[in-house]
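The values are calculated or read from the model by the stated rules, or taken from the named source; none is laboratory data. If you're wondering where the values come from, they're calculated on a predicted model, not measured in any experiment. Reconstructed Cβ throughout: ideal geometry from the backbone, glycine too, with neighbour counts over all protein chains shown. Areas reflect the complete protein model, heavy atoms only, side chains present, ligands, DNA and RNA absent. Shrake-Rupley method; radii C 1.70, N 1.55, O 1.52, S 1.80 Å.
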Amino acid sequence: MSYRRIKKSNKSFIITVLALLIVMGVSSQTDALSGAGSNIANTIFKPIEGVTYSVSSEIMNQIERTVGSKETRAEVMRLEAENRSLVMENARLTSVINKEDFLKNEAEAVDSSKNEYIKANVVNSDVSSLTSNFTIDKGKKDGIKQNDIILQAIGDSKYYTGLVGKVTEVFESTARVETINNQANDVSFINTRSGDYGVIDKFTSRTIQGYMLDVESEAKNSDVVMTSGLGGVYPYGIYIGTISNVSMSQDSLRKNITVDSPVDFSHVYRVLVLKGNNSYEIDEKANGVEEENISE
């Protein structure tokens, strides 16, 4: 009986030892498998991580080169702001110079011309319509009347002024002006060299399109055209411009001309109102004045 108990106890002990050995073996195999898995994962993903890192680094470097560092971007922004300031200052100075030349021409026209003028500022609020109509800051209280002629002082010409348009409406302190660009304001002209007549019917900011009434009439480049006096609005002799191109229509029934105007209708800001339309005298500069301007 005692022998059986000892044998049974030994058997339990052996089973326990074997169980422990099995557990230890499995545990070691699990660690080995875990290590192997880690090694496999490292083998697979390490090259991918290396490529990803390289691509990311290159992208960051490219961004750095393109955009620059924070300090570089700040410097670029400062330089851009400074450049904008310089551009604005240059535009302001250019405007001052241009206005100075214009005011000089205006003073010369008012002082030297035999005609009587009233100076007026353009106060138009719609810039898009400036080439066809605008408003001036002179009205009834200043003696402005309907159909008064509007001109502008010009430089680099043998004439003091160039034609702009006419007054169509008069208010107490302002007046509405319709330019020769307006379709309702056809202007009859005369070629001062040949004496032939024509009509203006198209217009851009500084180029006038028209045609000769007689298809056989003479017209060539550099011919001077003036208002003809026909129609009862514009008196004879107001300078319109010079012919820069002559062409025949496709059916040969119309002789078209292009006239370069001395007035830039897209940048009109001051004009002269002619008083006494019926007594207008051609605003031609004396030879001495013209030669003096050319020598300058």
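Can you tell me which of (1) at pLDDT 90 or above; (2) under 23 Å from Gly241 (Cβ atoms); (3) open to solvent by 40 Å² or more (accessible area, probe 1.4 Å) is the one Lys158 doesn't meet?
Going through (1) at pLDDT 90 or above; (2) under 23 Å from Gly241 (Cβ atoms); (3) open to solvent by 40 Å² or more (accessible area, probe 1.4 Å) one by one, Lys158 breaks only (1).
Going through region 105-124 one residue at a time, which ones are open to solvent by 40 Å² or more (accessible area, probe 1.4 Å) and either in a loop (DSSP other than H, G, I, E, B) or of a type in the set (Val, Ile, Thr) (or both)?
The answer is Val110, Lys114, Val123.
Could you figure out which of (1) at pLDDT 90 or above; (2) surrounded by fewer than 17 Cβ atoms within 10 Å (Cβ to Cβ) isn't true of Val127?
With (1) at pLDDT 90 or above; (2) surrounded by fewer than 17 Cβ atoms within 10 Å (Cβ to Cβ) applied to Val127, the lone miss is (1).
With the condition kept exactly as written, say whether any residue in region 229-240 is at negative phi, touching a helix residue (DSSP H, G or I) at 6+ places or on another chain (Cβ under 6 Å), modelled with pLDDT of 90 or more and not polar (S, T, N, Q).
Scanning region 229-240 turns up at least one residue that is at negative phi, touching a helix residue (DSSP H, G or I) at 6+ places or on another chain (Cβ under 6 Å), modelled with pLDDT of 90 or more and not polar (S, T, N, Q).
Hey, among Val215, Val199, which residue is free of Cβ contacts under 8 Å to residues at least 24 places away in the same chain, of a type in the set (A, V, I, L, M, F, W, C) and surrounded by fewer than 20 Cβ atoms within 10 Å (Cβ to Cβ)?
From the options Val215, Val199, the qualifying one is Val199.
I'm trying to understand the selection: among the residues of region 240-250, which are open to solvent by 20 Å² or more (accessible area, probe 1.4 Å) and not in a loop (DSSP other than H, G, I, E, B)?
Thr242, Ser244, Asn245, Val246, Ser247, Met248
Does Ser228 satisfy the condition of being open to solvent by less than 70 Å² (accessible area, probe 1.4 Å) and without any contact (Cβ under 8 Å) to a residue 40 or more places away in the chain?
no
When region 134-153 is examined, which residues are found to be β-branched (Val, Ile, Thr) and either in contact with a helix residue (DSSP H, G or I) (Cβ under 6 Å, 6 or more places away or on another chain) or in a strand (DSSP E or B) (or both)?
Thr135, Ile136, Ile149, Ile150
State all residues of region 130-145 that are at pLDDT 85 or above and open to solvent by less than 80 Å² (accessible area, probe 1.4 Å); if no residue qualifies, say none.
Of everything in region 130-145, those that are at pLDDT 85 or above and open to solvent by less than 80 Å² (accessible area, probe 1.4 Å) turn out to be Asn133, Phe134, Thr135, Ile136, Asp137, Lys138, Gly139, Asp142, Gly143, Ile144.
Take the residues in region 251-296 that are surrounded by fewer than 16 Cβ atoms within 10 Å (Cβ to Cβ) and hydrophobic (A, V, I, L, M, F, W, C); name whichever of them is modelled with the highest pLDDT.
Residue satisfying both the conditions and the ranking: Leu253.
This table checks each residue for (1) of a type in the set (S, T, N, Q); (2) more than 17 Å from Ile154 (Cβ to Cβ).
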| site | (1), (2) |
| --- | --- |
| Thr168 | yes, yes |
| Thr192 | yes, no |
| Tyr197 | no, yes |
| Met226 | no, no |
| Ile240 | no, no |
